[in-house]
Each structure stands twice: as structure tokens, then as C-alpha cells.
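Worksheet: the structure to be examined is printed underneath.
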Amino acid sequence: MVDAVRDAVSVRFRPILLTALTASLGLLPTALGFGKGAAPEQGLAIVTLGGLVWSGLLSTNLLPALYVYKREKLLRKIS
């Protein structure tokens, strides 16, 4: 069971990381306030960057760890 989670994370980690990195690099100039007219969109860009970082960490680290924890807790309860 843990092996299945490790395999899934190893398969999905790279696409998730590259997607988040690409979007983050695209939003970085706006979040830093570079360019004409960047100030009104700066707050939205910062919030979006935070969401990208959080969702990347959540889907690659936290959710698989919680799944393994809950599954082992359930198996201990049954035994």
C-alpha cells in the first residue's frame, strides 16, 4: 500500500512541479510589480502564487502522507 503511494507520487510529482513552476514564473513579474500597469494586478498575482505553492505541496506531500496515515490507522483498528 505504501509502495503504491510512493509510485503514484513519483509518477505525478514532475508534472505537478513543472505546471506550478511554469505558472509561477509567468506570474512573477506581475507579483513583483514590474511593467506598466502591474500595480492593480499585483495582489491577485501574489494570491495566485501562494495558491500554486500550497496546492503543489498539498498534492505531492500532504495528501499522500495523510492517506497512508489514515489507512494504517484503519488497519490497526481492524487487527
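The values are calculated or read from the model by the stated rules, or taken from the named source; none is laboratory data. Just so it is clear, the model here is predicted, and its values are computed rather than measured. Backbone-built Cβ (ideal geometry, glycine too); neighbour counts: all protein chains shown.
Number of residues in the stretch 28-41 that are at pLDDT below 90 and of a type in the set (A, V, I, L, M, F, W, C) equals 3. Pairing each residue of the stretch 3-23 that is closer than 29 Å to ALA45 by Cα with any residue that is in a helix (DSSP H, G or I) and among the small types (Gly, Ala, Ser), provided the two are 6+ apart or on different chains, yields C-beta distances under 7 Å for ILE16/GLY56; ILE16/SER59; LEU17/GLY56; ALA20/GLY56. ARG71 meets each of the listed conditions (1) under 14 Å from the mean Cα position of the chain (by Cα); (2) surrounded by 13 or more Cβ atoms within 10 Å (Cβ to Cβ) apart from (1).
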